[in-house]
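The values are calculated or read from the model by the stated rules, or taken from the named source; none is laboratory data. Given the structure is predicted, the values throughout are model-derived calculations rather than measurements. No Cβ is skipped: glycine too gets one built from the backbone with ideal geometry, and neighbour counts run over all protein chains shown. Side chains are part of the model used for accessible areas, which takes the heavy atoms of the whole protein and leaves out ligands, DNA and RNA. Shrake-Rupley method; radii C 1.70, N 1.55, O 1.52, S 1.80 Å.
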Amino acid sequence: MTEINTHAGNVRLVGGRLCLDFVNTVDDHALASPKEYLADYAALVAWGCHAGALSEGDAAALLGERALRPRVAEEVLARARGLRAALFRIFSATSAGRAVAAGDLAALNDALAGAPRRWRLAQLRARLAWQWDECGEPLDQPLWPVVWSAADLLTAPEVALVRACAGEGCGWLFVDASRNHTRRWCSMEDCGNRAKARRHYAARKAEGG
């Protein structure tokens, strides 16, 4: 079986929205040294393909552009990580019923301002996706669908269903689409099973087993 969560190209996509899957490209944001899946610009491109935000052709073009302009690619990676942190704080605030910090909202608005206009739908793999005007910094392309997704979710009723995983050392975000809106884990196969195992171990220990 293919191992999961080892790098950006196979990290679990459990958020239910592209922007939340992007936020989840680092382990628990509260940890002092969380695991970083966006290790370099190539990892950002690999995640974009994995998440369906980029086509294989887009990815090849971006990696070619990175080879020509490595310094700009590093600047884009730094912006991506900064945007990710801002989105985490934004969705954490909205899920807790708190006001969004002005600086975080400004970071998202700046990213939106730098993204080109969405202007038509086109076939991408087995689904439809936005195409855009040919403008903006080309190396920013992996971030454009992310900021559109964030803006769409933040202005939709579903934003009230954003939750943080209750798993120890996780904190990944997801849209709780369960029938009773009682989902606790980003994934039952991952954090859910680990929590079940810990409960089982604690119960056996309490019984003297």
- Considering region 103-125 alone, what residues qualify as being more than 21 Å from the chain's Cα centre (by Cα) and of a type in the set (Gly, Ala, Ser)? 122
- Top-ranked residue of region 17-57 - restricted to ones that are more than 14 Å from residue 146 (Cβ to Cβ), of a type outside the set (A, V, I, L, M) and in contact (Cβ under 8 Å) with a residue 60 or more places away in the chain, ranked as least open to solvent (accessible area, probe 1.4 Å): 41
- All but one of (1) part of a helix (DSSP H, G or I); (2) at pLDDT below 95 hold for residue 47, so report the exception by its number. (2)
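Residue 103: touching a residue at least 12 places away in the same chain (Cβ under 8 Å), out of contact with any Gly (no Cβ under 9 Å at 6 or more places or on another chain) and surrounded by fewer than 15 Cβ atoms within 10 Å (Cβ to Cβ), yes or no?
For residue 103, the condition - touching a residue at least 12 places away in the same chain (Cβ under 8 Å), out of contact with any Gly (no Cβ under 9 Å at 6 or more places or on another chain) and surrounded by fewer than 15 Cβ atoms within 10 Å (Cβ to Cβ) - is met.
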- Message: Suppose the filter is open to solvent by 10 Å² or more (accessible area, probe 1.4 Å) and touching a His at 6+ places or on another chain (Cβ under 8 Å); does residue 67 pass it?
- Response: no
- Message: Of the conditions (1) within 22 Å of residue 175 (Cα to Cα); (2) open to solvent by 70 Å² or more (accessible area, probe 1.4 Å); (3) in contact with an Asp or Glu (Cβ under 9 Å, 6 or more places away or on another chain), residue 155 satisfies every one except a single condition; which number is it?
- Response: (3)
- Got at least one residue in region 168-191 being open to solvent by 80 Å² or more (accessible area, probe 1.4 Å) and either acidic (Asp, Glu) or touching a Pro at 6+ places or on another chain (Cβ under 8 Å) (or both)? yes
